[in-house]
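Participant: Questions regarding the structure given below will be posed in turn.
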Amino acid sequence: MTLHAVDLIRKKRDGEALSAEEIRFVVEGAARETIPEEQLSAWLMAVFLRGLSLAELDTLTTAMRYSGEVLDHQGDGRRTVDKHSTGGVGDKTSFLVAPIAAAAGLADPMISGRALGHTGGTLDKLESIPGYRTHLSLDEMRGVIAKCGCCIVGQTNNLVPADRKLYSLRDRTATVESPYLICASIMSKKLAAGLDALVIDVKAGSGAFLRDESESAYLAALMVETGERAGTRTVAIQTDMSQPLGRFAGNWVEIQESLALLGNQRHRLSEDCREVSLVLAGWMIYLGGKARSAEAGRGIAEEKLADGSALRIFREMVAAQGGDLAALDAGAAFHAPRFRRRFCAERSGFFSACNCTGVGWAVQRLGAGREQAGEPVEAQAGLEMHVKLGDKVESGQPLVTLFTEDEALFAEPEHLLRAAITIADEPIDPPTLIRQVINADNKNKFLKPAGHKYD
Ligand code: URA
């Protein structure tokens with residue numbers, strides 16, 4: 001029977017389940033660009049509003065995974081592990097965990113994304129290193145992994161082309177924040193990379209795509225279910241995203257903070273990022289068979305920071321992907337921003353609430369992100385947080401320093417920060433950083449919570 005995209009949009013719009021053949025038709029239409037963007041967008045919105053059954057989600061993820069080339073085992077004899085995050089602000093854990101896993105004797109073929117919505121993009125941050133190539137051929141990828149144990153690259157046309165198309169449409173059609181679409185997008189890429197094990201950092205809180213803790217846990221369980229069904233050991237760690245992770249958010253500034261963390265330097269405002277990275281790396285090392293428990297894996301991860309091996313591997317990876325180590329070594333001065341401005345507290349009190357999505361948009365509007373796909377981003381753009389939730393602040397104290405190349409860009413981020421940062425009289429407890437672990441053993445508890453809106 002001939003399938004027509006309009007019928008499948010209508011069917012999903014009306015809340016009916018799609019057959020495997022129908023889902024595969026849409027995915028192929030996205031990958032080959034035989035279904036026009038307006039129909040793909042309408043279909044995405046129908047899925048966003050109506051959701052998918054577990055069977056539909058499985059078919060969608062599998063069809064997307066095989067929409068292009070699929071990597072065979074990349075590990076060169078080593079087990080392949082990876083971590084992926086559902087998106088955050090100031091989240092630079094990839095730059096730590098990939099080299100830590102490699103230093104622990106594992107292989108990490110990390111395929112990352114660009115800025116999406118208010119969240120930063122790993123590839124955009126890496127491209128602030130002059131010469132760094134995020135698009136490698138599969139052979140080049142294999143070469144970098146053989147040499148360094150890890151690589152961090154973007155999707156190629158050959159790898160999960162369906163996600164490449166759908167991801168860019170979702171960013172423009174307000175269809176990002178769907179647990180089904182996020183799950184299919186992330187898991188198709190991760191499964192196409194031929195992994196033995198995967199650790200997913202599922203964010204919860206005001207800067208996450210799914211802010212509510214139970215919705216975020218639902219997404220986590222969907223990803224664990226999808227990964228395990230496909231034969232990849234998958235564990236999700238729900239972590240806090242109710243304020244930027246670490247001290248800096250932006251492009252070059254995040255690379256600099258990562259280098260400091262890889263060099264085992266400690267700073268109060270970077271401690272949360274160090275902690276999340278160690279927990280994620282600990283799970284990767286455990287699932288990769290190099291430790292008896294995630295806790296023991298965390299201990300190994302700490303050693304790899306302390307003995308300098310993770311930093312050495314990061315630098316080797318940057319060089320192997322064409323990055324200029326002299327620029328990396330020049331530090332903050334290399335991409336010094338033309339303009340800096342302090343954002344100060346208007347009153348004394350406690351930093352008691354943060355709309356982290358607002359802070360993320362401030363970072364993007366300073367020039368770190370793009371309005372339209374394909375636009376260039378500024379390496380220098382970003383911000384430095386001077387406070388964490390729960391801190392006592394004095395009137396006039398700098399809360400944030402903003403960096404940009406264009407002075408005219410300050411106004412909107414300042415407005416966004418004014419709305420995003422609350423100083424109140426009452427002290428609050430800092431948020432719990434590691435919320436919970438969701439894995440094959442407990443996922444069912446989160447898959448069908450009573451009264452959940454996706455039931
Ligand atoms: N990261 C992805 O790769 N896809 C999403 O949909 C969200 C975050």
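The values are calculated or read from the model by the stated rules, or taken from the named source; none is laboratory data. This structure is a prediction, so every number in the text was calculated from the model and none was measured. In this analysis, Cβ positions are derived from the backbone assuming ideal geometry, glycine residues included, and neighbour counts consider all displayed protein chains. When the accessible area is computed, the model is the full protein with side chains, heavy atoms only, and any ligands, DNA or RNA have been set aside. Shrake-Rupley method; radii C 1.70, N 1.55, O 1.52, S 1.80 Å.
Participant: Any idea which of Ala345, Ala296, Ala362 is open to solvent by less than 50 Å² (accessible area, probe 1.4 Å) and closer than 14 Å to Phe403 by Cα?
Facilitator: Ala362
Participant: Here is a follow-up. Would you call Lys190 within 16 Å of the ligand (Cβ to nearest atom), in contact (Cβ under 8 Å) with a residue 40 or more places away in the chain and within 14 Å of the chain's Cα centre (by Cα)?
Facilitator: yes
Participant: Residues that are out of contact with any Leu (no Cβ under 7 Å at 6 or more places or on another chain) and crowded, with 24+ Cβ neighbours inside 10 Å, at least 2 per element: which strands (runs of 3 or more DSSP E) completely within the stretch 175-267 meet that?
Facilitator: Working: elements: 197-204, 233-240, 248-250.
Qualifying strands (runs of 3 or more DSSP E): 197-204, 233-240.
Participant: Can you name every residue in the stretch 273-296 that is more than 20 Å from Leu245 (Cβ to Cβ), in contact with a Leu (Cβ under 8 Å, 6 or more places away or on another chain) and among the small types (Gly, Ala, Ser)?
Facilitator: Gly288 - this is the single residue of the stretch 273-296 that is more than 20 Å from Leu245 (Cβ to Cβ), in contact with a Leu (Cβ under 8 Å, 6 or more places away or on another chain) and among the small types (Gly, Ala, Ser).
Participant: Taking into account only those residues within the stretch 75-101 that are more than 16 Å from the ligand (Cβ to nearest atom) and open to solvent by 10 Å² or more (accessible area, probe 1.4 Å), which is nearest to Cys273 (Cα to Cα)?
Facilitator: Across the stretch 75-101, the extreme among qualifying residues is Arg79.
Participant: Also: Among the listed residues Ala31, Ala42, Ala5, identify the single one that is open to solvent by less than 60 Å² (accessible area, probe 1.4 Å) and under 27 Å from Leu447 (Cα atoms). Give the steps one after another, and end with the answer.
Facilitator: Values: Ala31 fails: under 27 Å from Leu447 (Cα atoms); Ala5 fails: under 27 Å from Leu447 (Cα atoms).
Result: Ala42 is the single residue among Ala31, Ala42, Ala5 that is open to solvent by less than 60 Å² (accessible area, probe 1.4 Å) and under 27 Å from Leu447 (Cα atoms).
Participant: Return yes or no: is Ser185 near the ligand (Cβ under 10 Å from one of its atoms) and of a type in the set (S, T, N, Q)?
Facilitator: yes
Quick grid of which residues meet (1) more than 14 Å from the ligand (Cβ to nearest atom); (2) acidic (Asp, Glu); (3) at pLDDT below 95:
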| position | (1), (2), (3) |
| --- | --- |
| Thr119 | no, no, yes |
| Ser128 | yes, no, no |
| Lys147 | yes, no, no |
| Asn157 | yes, no, yes |
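Participant: Still on this structure: Working only within the stretch 48-62, note down all residues that are more than 16 Å from the ligand (Cβ to nearest atom) and either touching a residue at least 40 places away in the same chain (Cβ under 8 Å) or under 15 Å from Met187 (Cα atoms) (or both).
Facilitator: Within the stretch 48-62, Leu54, Ala55, Glu56, Asp58, Thr59, Thr62 qualify.
Participant: A further question follows. Could you list all residues from the stretch 19-47 that are assigned to a loop (DSSP other than H, G, I, E, B) and among the small types (Gly, Ala, Ser)?
Facilitator: Within the stretch 19-47, just Ser19 meets the criteria.
Participant: If you go through the stretch 48-57, how many residues are outside any loop (DSSP other than H, G, I, E, B) and within 21 Å of Glu177 (Cβ to Cβ)?
Facilitator: At the first step, the residues of the stretch 48-57 found to be outside any loop (DSSP other than H, G, I, E, B) are 48-50, 54-57.
Next, from what is left, pick out any that are within 21 Å of Glu177 (Cβ to Cβ): 48-50, 54, 56-57.
Matching residues across the stretch 48-57 total 6.
Participant: Is it the case, given these coordinates, that Thr93 is touching a residue at least 24 places away in the same chain (Cβ under 8 Å), of a type in the set (Ser, Thr, Tyr), assigned by TED's automatic domain parsing to the domain that holds Arg315 and touching a Phe, Trp or Tyr at 6+ places or on another chain (Cβ under 7 Å)? Even if it seems obvious, please write down each step before you answer.
Facilitator: Numbers: touching a residue at least 24 places away in the same chain (Cβ under 8 Å): yes; of a type in the set (Ser, Thr, Tyr): yes; assigned by TED's automatic domain parsing to the domain that holds Arg315: yes; touching a Phe, Trp or Tyr at 6+ places or on another chain (Cβ under 7 Å): no.
Here the answer is no, as Thr93 does not meet what is asked.
Participant: If Thr61 passes every condition in (1) in the same structural domain as Lys203 (by TED's automatic domain parsing); (2) under 19 Å from the mean Cα position of the chain (by Cα); (3) not in a strand (DSSP E or B) but one, which one does it miss?
Facilitator: Single failed check for Thr61: (1).
Participant: Next question. Exactly one of these conditions fails for Thr134: (1) open to solvent by less than 40 Å² (accessible area, probe 1.4 Å); (2) within 11 Å of the ligand (Cβ to nearest atom). Give me its number.
Facilitator: (2)
Participant: Okay, next question. It is to be established whether one or more residues within the stretch 322-337 are open to solvent by 20 Å² or more (accessible area, probe 1.4 Å), in contact with a strand residue (DSSP E or B) (Cβ under 8 Å, 6 or more places away or on another chain) and of a type in the set (A, V, I, L, M, F, W, C).
Facilitator: No, that holds for no residue.
Participant: With the condition kept exactly as written, say whether any residue in the stretch 133-146 is out of contact with any strand residue (DSSP E or B) (no Cβ under 7 Å at 6 or more places or on another chain) and outside any helix (DSSP H, G or I).
Facilitator: There is at least one residue in the stretch 133-146 that is out of contact with any strand residue (DSSP E or B) (no Cβ under 7 Å at 6 or more places or on another chain) and outside any helix (DSSP H, G or I).
Participant: What number goes with the only condition from (1) touching a residue at least 12 places away in the same chain (Cβ under 8 Å); (2) away from the ligand (no atom under 16 Å from the Cβ) that Glu16 does not pass?
Facilitator: It is condition (1) that Glu16 fails.
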